[in-house]
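**Q** Just passing along the structure, written as structure tokens.
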């Protein structure tokens, strides 16, 4: 029987409080917004959902609080088909939270309170002992950096492909960046990498509506007539990219699939769609 590749996602899980505003306030300014809407986010969980929606078998490693939000989040991920056995319920911390303001043009500002995400450590990486050479590890930098680095080394030592999203940007050892194929960075993160003289061997740069570049390859962005919310578009790109690479797609094909998924993601409010809209694709 053929082995089904798995996208392992190590990362954060947050509950988002979203407020729509006409425009973002200037420093020291107050603006009035609409009702608070509660959604699910966190870069790790966003990417896990995107990979699952793209058809990948997904297993997530992370932590939520042992609270109503945390339990609801595990159930939600499971509804998307994500394996949540390694998403711990932490009795000593609350589920992570994010405060998000979304302006009329779809641009957002985000403040994150890590909660249980801040306690993800080396003791959570035991399941990665089972990662295979056919699998992909997808990680970001919204949890402890030493834990991310240890996971990258562990996965690479077992022959797995590593997709490393350098968001939110933080410095990592060059030898860790060199293990990723690719490192995914937006333009600001790519500039920070260059300034740190930490140019990865394989670097994929996302440029929003200008598309994305991976070495000499360029993929255009899919046009979106009326963006609703750009929150999570980069996460969706990463998740769909990892799913395509796990399925055997080459870089150009994977970039096209990721661009299409990212374009769809800006047509709804929040980083993730509601599960009912995806039920047919999840079952397919």
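What follows is calculated from the coordinates using simple rules that are stated; it is not laboratory data. All values reported here derive from a predicted model rather than from experimental measurement. All Cβ positions, even for glycine, are placed from backbone atoms using ideal geometry, and neighbour counts span all protein chains on display.
**Q** In a solvent-free Debye calculation with one equal scatterer on each Cα, what is log10 I(q)/I(0) for the stretch 201-265 at q = 0.18, 0.27 Å⁻¹, listed in the order of the q values?
**A** -0.58, -1.22
**Q** Run the Debye formula on the Cα coordinates of the chain, all scatterers equal and no solvent, and tell me log10 I(q)/I(0) at q = 0.12 1/Å.
**A** Those come out to -0.70, one per q.
**Q** Also, I was wondering about something else. Over its Cα atoms, what ratio of radius of gyration to 2.2 N^0.38 Å does the stretch 94-235 give?
**A** For the stretch 94-235, the normalised Cα radius of gyration comes out at 1.13.
**Q** Among 217, 125, 13, which one moves the most in a GNM of the chain with springs linking Cα atoms closer than 10 Å?
**A** Top of the fluctuation ranking is 217.
**Q** Over the Cα atoms of the stretch 50-164, compute the convex hull volume and normalise it per residue, giving Å³.
**A** It comes to 123 Å³ per residue, whole-number rounded.
**Q** Measuring from label point to label point, each 7 Å out along Cα→Cβ, what is the residue 32 to residue 249 span in nm?
**A** 4.5 nm
**Q** Share of antiparallel DSSP beta bridges in the chain, in percent to the nearest 5?
**A** Percentage antiparallel, nearest 5: 35.
**Q** OK, next. Among 136, 15, 201, which one shows the biggest mean-square fluctuation in a GNM of the chain, springs joining Cα atoms closer than 10 Å?
**A** Of 136, 15, 201, the most mobile in the Gaussian network model is 201.
**Q** Continuing with this model, one more query. Any chance you could run the full-extension gain for residue 123 through residue 24? It's 0.36 nm times the residue separation minus the Cα-Cα distance, nm to one decimal.
**A** In short, 31.6 nm is gained.
**Q** Counting only DSSP beta bridges with both residues in the stretch 84-204, what percent are antiparallel, rounded to the nearest 5?
**A** 45 percent
**Q** Could you work out which residue, out of 133, 242, 101, moves most in a Gaussian network model of the chain, that is, has the largest mean-square fluctuation with Cα springs under 10 Å?
**A** Of 133, 242, 101, the most mobile in the Gaussian network model is 133.
**Q** Sticking with this structure for a sec: With no solvent and one equal point scatterer placed on each C-alpha of the stretch 161-254, evaluate the Debye formula and give log10 I(q)/I(0) for q = 0.12, 0.15, 0.21, 0.25 Å⁻¹, two decimals.
**A** Relative scattering, expressed as log10 I(q)/I(0), comes to -0.37, -0.57, -1.10, -1.46.
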